[in-house]
Amino acid sequence: MSILKDENMLLQSIYGEYQGLLRRIAKTLHVPDMELDDVVQETFIAYFENYSLTWTDTRKKGMLIKILKSKSIDCLRKNGHYEKVSLSQEDAANEVALLANYVITDPLDVILEEEAVLMITSEISTMREEWKEMAVLYFLKQLTIPEICELLEIPGTVCRSRIYRTRVCLKKILGPSFET
């Protein structure tokens, strides 16, 4: 009786720990709200029937997510929730609007950033040698001051001074629009 009670408590703790995560993942997989609870429940049932309850947290989590993805696909296939391809202009506009939700970085920002890096690197190549080192190590590679001191075998005060002079030089060359 005590073994059954311990197993039941273990099942409840696993369910309580992972059910919120699985619901969010199922939602991102476009499982309809009406089917969400069923898919999550089926995921736990499949896990409890086939896998060890005493696995490490990472193995449990990974296996639950893998089962959930499979159950989500099954649900979408069974209920015909896959979107159909359409040639209508209205549908195309809606699809483009949906894509905006998934685009994290504006491509124009990426292009401008790449151009700025090219401009900065070309200006850095014309600087004094010790400033050039600081610009590359601190601003481009983003090493910390202690890392730079160790690499160049210089004291921290010298490093900070060179970084300051490099920053001033970059601001003069590149103008106020470039913050370092």
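The values are calculated or read from the model by the stated rules, or taken from the named source; none is laboratory data. Computed from a predicted structure; not experimentally measured. Neighbour counts are summed over all protein chains in view; Cβ atoms, including those assigned to glycine, are modelled from backbone coordinates with ideal geometry.
When segment 145-176 is filtered for residues that are assigned to a loop (DSSP other than H, G, I, E, B) and either of a type outside the set (A, V, I, L, M, F, W, C) or surrounded by fewer than 12 Cβ atoms within 10 Å (Cβ to Cβ) (or both), the ones remaining, listed by number, are GLU153, PRO155, GLY175, PRO176.
Of LEU36, LEU53, LEU22, all but one fail to be farther than 20 Å from LEU76 by Cα and either modelled with pLDDT of 80 or more or not in a helix (DSSP H, G or I) (or both); the exception is LEU53. Could you tell me whether ILE148 is modelled with pLDDT of 85 or more, under 35 Å from the mean Cα position of the chain (by Cα) and not acidic (Asp, Glu)? Against the criterion (modelled with pLDDT of 85 or more, under 35 Å from the mean Cα position of the chain (by Cα) and not acidic (Asp, Glu)), ILE148 qualifies. The condition (being at pLDDT below 65, among the acidic types (Asp, Glu) and closer than 27 Å to LEU36 by Cβ) is satisfied by just one residue among GLU179, GLU83, GLU90: GLU83.
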